[in-house]
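The values are calculated or read from the model by the stated rules, or taken from the named source; none is laboratory data. Keep in mind the model is a prediction, meaning the values are calculated, not measured. Virtual Cβ from ideal backbone geometry, glycine too; neighbours counted across all protein chains shown. These area figures cover heavy atoms from the full protein model, side chains too; ligands, DNA and RNA do not enter into them. Shrake-Rupley method; radii C 1.70, N 1.55, O 1.52, S 1.80 Å.
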Amino acid sequence: MNGAKLSTVKDTGSMQASRTGTTVISKQARGKRPSAINQFFQKYNILPSIMFFVFWELFSRVNETAKFFNPNFLPAPTVLLSEGWELAKTGIITDSLISSTIRIALGFVIGSAVAVGVGVIMSKFKTVERWFSPILNLVGPIPTLALLPLFIIWFGIGEFPKVLLIAWTTFIPVLVYTLDGFKSVPSTLIRSALSLGATERQIFTRVMLPSAIPNFLVGAQVSLGLSFSALIVSEMMGAKSGLGYIIVDARNYFKISNMFIAIILIGLEYSLFSYLLKLVEKRVMAWRKGGLRDAIEK
């Protein structure tokens with residue numbers, strides 16, 4: 001009986017110990033596990049943007065009291081939020097966002113597609129590259145603002161010259177990076193494909209095109225910022241809607257708040273497009289790993 005009691009006591013003690021150990025381990029695991037808020041900020045990295053607006057708000061409120069300069073020149077973000085809501089009720093913001101999004105999307109896609117097509121032709125035919133490279137070097141560095149008056153004279157003030165200007169601004173960087181990508185394909189890969197009996201089409205689609213995708217995506221990221229510059233410039237001249245139109249209208253009637261609202265919306269729309277482009281890059285190039293972070297094990 002005593003032995004049975006002792007064994008029962010031992011079992012109970014071991015069970016309590018195991019439960020206690022499990023509790024300690026679970027507490028330790030919970031302590032190491034990041035909270036949901038930390039996971040959210042680590043995933044989306046919006047904390048720097050929030051801190052920027054907080055600092056802006058504090059500085060504007062201090063300026064309203066200290067009068068470093070005219071407070072109307074730098075409204076606080078909360079004031080802009082309130083006035084932006086009133087402006088949104090009129091429908092101007094919605095119409096402008098839709099117009100600008102359609103223009104930038106069309107121009108960016110058309111410019112990228114044409115750049116990839118021209119890049120393929122120039123990489124395949126050396127004569128074409130020899131003839132077109134000097135012309136591209138000549139007209140490529142011309143600023144968008146210098147070309148816009150010509151585009152308006154040639155094509156009018158409708159949607160076509162705006163989309164064409166964005167497409168042209170996208171075309172040059174994407175072409176340069178894509179062409180460099182095609183030229184950077186290792187010759188050993190092409191020789192290996194040829195030795196295995198691959199056709200010219202298979203070499204292009206399965207060797208050259210995948211190898212050039214990283215360069216194409218870099219060119220797309222570079223040209224995205226330039227495309228937004230072209231969008232705003234084109235909407236400042238001869239447009240009846242769009243974020244650039246809001247800035248011009250605000251300048252004419254000295255509505256500084258509306259000007260800030262349009263500028264913030266441009267930044268948000270660019271961030272959205274850049275995020276979508278990074279998602280595509282992450283999905284297409286999931287195989288790519290490298291850099292210092294992957295080289296060092298923590």
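For the pairs Lys89/Lys255; Lys162/Lys240; Lys67/Lys255; Lys162/Lys282; Lys126/Lys282; Lys124/Lys162, flag any whose C-alpha to C-alpha distance is greater than 23 Å. Provide the component values of the computation, followed by the final result.
Working: Lys89/Lys255 17 Å; Lys162/Lys240 12 Å; Lys67/Lys255 20 Å; Lys162/Lys282 30 Å; Lys126/Lys282 33 Å; Lys124/Lys162 31 Å.
The pairs that break the limit, which is 23 Å between Cα atoms, are Lys162/Lys282; Lys126/Lys282; Lys124/Lys162.
Determine, for each peptide in 42-53, 138-149, 91-102, the mean count of other beta carbons within 10 angstrom over its residues, then list the peptides with the highest first.
Numbers: 42-53: 10.5, 138-149: 12.9, 91-102: 16.7.
Final packing ranking: 91-102, 138-149, 42-53.
How would you rank 158-166, 69-77, highest first, on the average number of other Cβ atoms within 10 Å across their residues?
158-166, 69-77
Would you mind getting the accessible area per residue of the stretch 76-123, heavy atoms of the protein chains only, 1.4 Å probe, in Å²? Mind dumping the intermediate values first?
Values: 2340 Å² over 48 residues.
The answer is 49 Å² per residue.
Taking a ≥ b ≥ c as the square roots of the eigenvalues of the Cα gyration tensor of the stretch 44-183, is the shape rounded (a/c under 1.5), prolate (a/b larger than b/c) or oblate? Each step should come with its number before you reach the end.
Details: a/c = 2.69, a/b = 2.15, b/c = 1.25.
It comes out prolate by the Cα gyration axes.
When Rg is the radius of gyration of the Cα atoms in the stretch 78-134 and Rh is its Kirkwood radius, what does Rg/Rh come to?
In the stretch 78-134, Rg relative to Rh is 1.43.
Pop out the Kirkwood hydrodynamic radius of the stretch 196-260 from its pairwise C-alpha distances, inverse of mean 1/r, in Å to one decimal. Please list the in-between numbers first.
Details: mean 1/r = 0.0662 Å⁻¹.
That comes to 15.1 Å for the stretch 196-260.
Quick check on the stretch 148-298: take the gyration tensor over C-alpha atoms, sort the square-rooted eigenvalues as a ≥ b ≥ c, and tell me if it's rounded (a/c under 1.5), prolate or oblate.
Numbers: a/c = 4.19, a/b = 1.90, b/c = 2.21.
Note, shape of the stretch 148-298 comes out oblate.
Can you send over the carbon and sulfur percentage of the accessible area for the stretch 110-254, probe radius 1.4 Å, protein chains only?
Details: 5580 of 8080 Å².
Ligands and nucleic acids excluded, carbon and sulfur reach 69 percent.
If you count, for each residue, the other Cβ atoms within 10 Å and average over each peptide, how do 182-188, 115-121, 223-229 line up from highest to lowest? Provide the component values of the computation, followed by the final result.
Details: 182-188: 12.6, 115-121: 18.9, 223-229: 20.6.
Going from most to least packed, we get 223-229, 115-121, 182-188.
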